[in-house]
Structure formats: structure tokens, C-alpha cells
Amino acid sequence: MIYRKQNGYDAFKCIADKCPKSCCVGWQIMIDEDSIKKYKNTAGDFGARLNGSINFEEGCFKQNNTRCAMLNNNGLCDLHSTLGEDMLCHTCKMFPRHVEEFQDIREYSLSLSCPEFTRMISEPDYEFAFTESEDDVLDDPEEFEDYDFLLFDKLEYSRDKMLELAATKSISLQDRMSLIGAMGLKLQRLYDEGLIFDMDDVDFDEEFDCAGTGALLSLPYCTKSMDTLLEMEVLEESWHDSIRSAQTFWNDNSSDFVTWKTAMYPEAATEFIFEKIFESLLFTYFCGAVYDGQIYARTMIAVQSTRWLMMLSAADKNTPLNQVIYLYSREVEHSDLNVNALIEFFEGEL
């Protein structure tokens, strides 16, 4: 088995009660079956409280005004402090860690929805990278019976080239993203035509026809495309307010080229943060196309999410960029319905 881990994965530590946006507030925390069994067998007064804090029918922790029933008034988890980390359910042990499973490959990343990780990734000395290790563990072949190993090989190779381009600072990040979007479009066309072997020939130094993807950088398109964010399910209604506010800002400044260019082509230090966001999203989503064939859509999740973040940040100078990033990720990335809505939206552009 090959294991790839994003830079900072092993070093990450939860900041618990110091977190400005706790993962124990807002989300419904699902409990795995093994943990359910352990919790049912927990004795004593705390066991009674623990079991009274679980919705066994739904398989999740109950909430008190959107707060997990195990979260105390000091912002700490009573289950963790009383029974220890080993008794946490899988969801709580893992977050903000994320795992993508491929045949004989596991890719580990950190979620941008975590304020502490957005702080880490915003530091000047953090660079996107991943380490790789290997052991002799093998998957059950039946688990990946329909897995397209050839397609994954081509996607993996293409992603490596995309990430190489994403880190090339001799051209602007905006131009890099347009080229990578064009690469995703070309790869999609080859895949749809059954020309998988030709996917290796797609490179960023070719003369791409960027007419389709280049137009996606226009202010009218980017503002209008935010409508798809308004159609998604939300954790907090204030998120929709933020989207509408940003759309109003950009509609009011639709003829202000300087404001638009400043947002899309930020100064180097800020551009570097967006570069790392883009790389993280590309690493997390792109190769998932081996399961659904949505190569272009998964490329554009990384491209357009980064552009929307630029727009949201520019439209609200009172909200720190870190906060804009983790609020976006909380609302969009942690819902299969929302991710699928993005895939459907970008698929509709083909």
C-alpha cells in the first residue's frame, strides 16, 4: 500500500477550546457502529449521561442549540476528558483529517474547514507538498472489483503535472488556474471519446484553446455562478447572506476593472495563500474522477472555489481571509449534496 500525506498532516493538533469555529457546533456528528457499542457498554453516571446524549435511531450525538451534547460550556469535550481520546468515535478522531481511498493507495489531507489548518496553511513558511511511504499491506481485490486502474494512472500523472504548474510562480496564479482548467477540459474530452491512452499527452505548455475556460474568469460569469452556492444546503443562514452580499458588491462594481483585477491578481503574499488553497483542493478532489469520470468538474471545483474565495474576501474587508476560507469549506465541502451540486454545475458547462 502507498500512503501519501499532505504536509502538516501528522503535526496537526486540535486547539480545542481556543478554536474560533468549533467542529462540535453546527454539524450533526455521526457515530460509527463500533463506537455505538462501546458507548452502550459504558457504565456509571457518566455512561448514563453519555447514552442520554446519543440519538441511537439516527446514530449521532444529540445537540443542545446546535452544540454537541458532549461539548461543555468551556468548549471542551466531556467524553474526551472523562474517557480519553481512544473512546472518541471515528468522526471525532479523524476531523479535520480526510482520506481518499484508491486501489493500493491512500491519500491523506487536512480539511480547510478547520480554523487551525487554515491558520497553518496561511503561514508564509507552509508550502503544499505531500510525503509518500509504502508497506506490504494489500486491499481485498473484491473491494475494488470495478476499479479502473488505467484511468487512475492517467489521472495521477495529469494531477502531478497540474500541481507542478500550480507551483510555478513565473506566471500569475490566475493564468495557472486557467491553464489547468483547460487541461481538465481537454482530459475530459479525451475520456469521453474513449481516448484514455492519449491523456498522457495533455500538458500545460501546449497551445490550449482557452476560449471556454478563459471566459470563466469574467466578472459577470463569476458573480452569476455564485447562484449555485445559494442553492446548496446550509449550516448557517448567514452564509447565504455572505454570498448575496458579495454578489451585490460585485454587481455594484461591475465596471470597476481595477477592483476586479486587484481581487483576481492579489499581491504576492496573498496570492501564495490562494495558491496553497488551490493545490489542496486539487490534491483532494481531482483523482476522485476515477469513480465518476467527472474530470473537468473536479478540476473546476479547485479553480472556481479559489476564485470565489478571492471574490468573497475582496467583498468583505472586515472578515479575515482565514475565516472566509474555513466558512466556505464548512458550508460547501462537508455535504455530499453540495459537492455533487458543484459537480453537476460544472458538468453542465461542457
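The values are calculated or read from the model by the stated rules, or taken from the named source; none is laboratory data. Since the structure is predicted, the reported quantities are computational estimates derived from the model, not experimental observations. Methodologically, a virtual Cβ is constructed for each residue, glycine included, from the backbone with ideal geometry; neighbour enumeration extends over all protein chains shown.
For this structure, a couple of remarks:
- In the stretch 82-177, counting only helices (runs of 4 or more DSSP H) that sit wholly within it, the ones holding 2 or more residues that are over 23 Å from the mean Cα position of the chain (by Cα) and free of Cβ contacts under 8 Å to residues at least 60 places away in the same chain span 149-166.
- Test for residue 38: is it under 18 Å from the mean Cα position of the chain (by Cα), over 20 Å from residue 330 (Cα atoms) and either not in a helix (DSSP H, G or I) or not assigned by TED's automatic domain parsing to the domain that holds residue 290 (or both): no
- Scanning the stretch 323-337 for residues that are touching a helix residue (DSSP H, G or I) at 6+ places or on another chain (Cβ under 9 Å) and modelled with pLDDT under 95 yields 333, 335.
- Single condition residue 9 does not satisfy, out of (1) part of a loop (DSSP other than H, G, I, E, B); (2) more than 19 Å from the chain's Cα centre (by Cα); (3) among the hydroxyl-bearing types (Ser, Thr, Tyr): (2)
- Failed condition for residue 103, given (1) within 23 Å of residue 17 (Cβ to Cβ); (2) touching a helix residue (DSSP H, G or I) at 6+ places or on another chain (Cβ under 8 Å): (1)
- Residue in the stretch 249-262 that is in contact with a Pro (Cβ under 9 Å, 6 or more places away or on another chain), assigned by TED's automatic domain parsing to the domain that holds residue 175 and within 16 Å of residue 322 (Cβ to Cβ) present: no
- Lone unmet requirement of (1) touching a Gly at 6+ places or on another chain (Cβ under 8 Å); (2) loosely packed, with under 14 Cβ neighbours inside 10 Å; (3) within 30 Å of residue 155 (Cβ to Cβ) for residue 100: (2)
- Meets criteria (over 19 Å from residue 218 (Cα atoms), at pLDDT below 95 and surrounded by fewer than 16 Cβ atoms within 10 Å (Cβ to Cβ)) for residue 139: yes
- Taking (1) touching a Phe, Trp or Tyr at 6+ places or on another chain (Cβ under 7 Å); (2) over 27 Å from residue 327 (Cβ atoms); (3) not charged (D, E, K, R) in turn, residue 87 satisfies each apart from (1).
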